[in-house]
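Undergrad: Structure provided below as structure tokens; questions to follow.
Any read-out appearing in this document is the output of simple, stated calculations on the displayed coordinates, not a laboratory observation. As the structure is a computational prediction, the values presented were derived from the model and not from experiment. Backbone-built Cβ (ideal geometry, glycine too); neighbour counts: all protein chains shown.
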Amino acid sequence: MNPVAIAAVVAVAAGITWGLRALPFAALAPLRQNALLAQLRITMPLGIMVILTIYTVSGIDATGENVITYGVGILVTAVLQLWKRHVSISILVGTAVHMALVAWIG
Amino acid sequence: MDESTREPVAADPAPTESAFSVAVPVGLGLFPLGLAFGALVVHAGLSWWWATVFSTIVYAGSLEFLLVGMAVSGVPLAQVAVSTLLVNSRHVFYSLSFPLHNVDSKVGKAYATFALTDEAYAVTTSPEAQRWTSRQIIGVQVFFQVCWVGGATLGALAGAVLPLDKLDGLDFALTALFVVLAIEAYRDRPDRVTAAVAVVCAGVALAISREHMLPIAFAGFTAVQVWRARRHPIEVPAAAP
């Protein structure tokens, strides 16, 4: 594989990503006092995280094994987070349970 | 960016601990995800150090997973550009709540925007985060990137020597991370309608196009939220100036 070609992929993706993150501050930040944007600002985070969660499992085929390994993994993660509220423990235990199930039935 | 008219936010020594008590668990969650990414890089046939290069320079978790496949198959750069625009278009909204105005230097601002990942956004949406100092914000972001790059590099090195099936399922850490961040966002603001709107938008987007699920879902979700906000304006505590 040509390293120059891979470096070009890295450069293009990095440049566009940075632009998407930096440029809106010039356009949107002066409008922070705008009531509509203020309301969006506080309602967006929950929706964005919900959509990202669904996105991460959207590429997976709905086979019986996957439904169990992902379903149980998500359930364990969510229950731990609701109960103990330790972000790293929820992620690590949830991932470990999922990996154990994949090794066992996957 | 006109920062000159803004009042500097008073430095408050107390929140240091709270900034890091929020950030450390999320950073620790990023680490296993980095391991998975590093292993994927080696598995795709690239040298291990590409994991370090990708995670340092692109630094956009979910996009990096996609990019590895594109880099290996040699797709045209235009396709890389379009995919990046689509997958990362959500970052446009992050400027609404990220406390960039608290970051003082130009270099600091440049890094803060560069490192404005989903996780950095998620931990800075709370009202307390609006009072974080420049040091705390940059410190949290550097910590996240060290966890991510460190995980990716170790994962690639481990992937080069370990049989890969030992790492099967490690990428679930990304799902677990977003589940946790969604629960915490709900705790900050229990809003079942917004959660339901997001689920429906994601479902509709998936039905339209699996490949372009993210931009469709975000566009739909934003449109519905704008419509809801227009119909039922709520009292919102003033944003940091």
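Undergrad: For the range B:108-131 and the range A:1-64, write down the distance between their C-alpha centroids in whole Å.
TA: Measuring centre to centre over Cα atoms gives 13 Å.
Undergrad: Give me the number: length gained by fully extending B:Val24 to B:Val82, i.e. 0.36 nm times residue separation minus the C-alpha to C-alpha distance, one decimal in nm.
TA: So the chain would gain 17.5 nm between B:Val24 and B:Val82.
Undergrad: Provide a whole-number value for the mean count of partner chain Cβ atoms within 10 Å of the Cβ atoms in peptide B:205-215.
TA: Across the residues of B:205-215, the mean count of other-chain Cβ atoms within 10 Å is 2.
Undergrad: For a footprinting-style exposure proxy, rank B:Phe31, B:Phe178 by other Cβ within 10 Å, fewest first.
TA: If I rank by nearby Cβ atoms, fewest first, I get B:Phe31, B:Phe178.
Undergrad: Still on this model: Which is the longest part of chain B that has none of the trypsin sites (Lys or Arg not before Pro) sitting in a DSSP loop with at most 13 other Cβ atoms within 10 Å?
TA: B:7-209
Undergrad: Can you compute the helix-only [θ] at 222 nm over chain B? Use -39500 (n - 2.57) per DSSP H run of at least 4 residues, normalise by all residues, nearest 500 deg cm²/dmol.
TA: Computed mean residue ellipticity for chain B: -21000 deg cm²/dmol.
Undergrad: For the pair B:Leu66 and B:Arg135, what calculated FRET efficiency results from E = 1/(1 + (r/R0)^6), where r is the Cβ-Cβ distance and R0 = 51 Å, to the nearest 0.05?
TA: 0.95
Undergrad: Whole number please: convex hull volume per residue of the Cα set in the range B:191-233, in Å³?
TA: 53
Undergrad: Per the Kirkwood treatment, what hydrodynamic radius in Å, one decimal, follows for the range A:1-72 from the mean inverse distance over all distinct Cα pairs?
TA: 16.2
Undergrad: Follow-up question, since we're still on this one. Stick to the Cα atoms of the range B:15-189, pair each with every other, and give me the Kirkwood hydrodynamic radius in Å at one decimal.
TA: For the range B:15-189, the Kirkwood estimate is 16.8 Å.
Undergrad: Relative to the first principal axis of the alpha-carbon coordinates of chain B, what is the inclination of helix B:15-43, with its axis defined by its Cα atoms, in degrees from 0 to 90 and to the nearest 10?
TA: The two axes meet at around 20 degrees.
Undergrad: Counting other C-beta atoms within 10 Å, which of B:Phe218, B:Phe54, B:Phe93 has the fewest, and how do the rest follow?
TA: Sorted ascending by nearby Cβ count, the order is B:Phe93, B:Phe218, B:Phe54.
Undergrad: What fraction of the Cα pairs in the range B:102-228, stated in percent, has a spacing above 18 angstrom?
TA: 68
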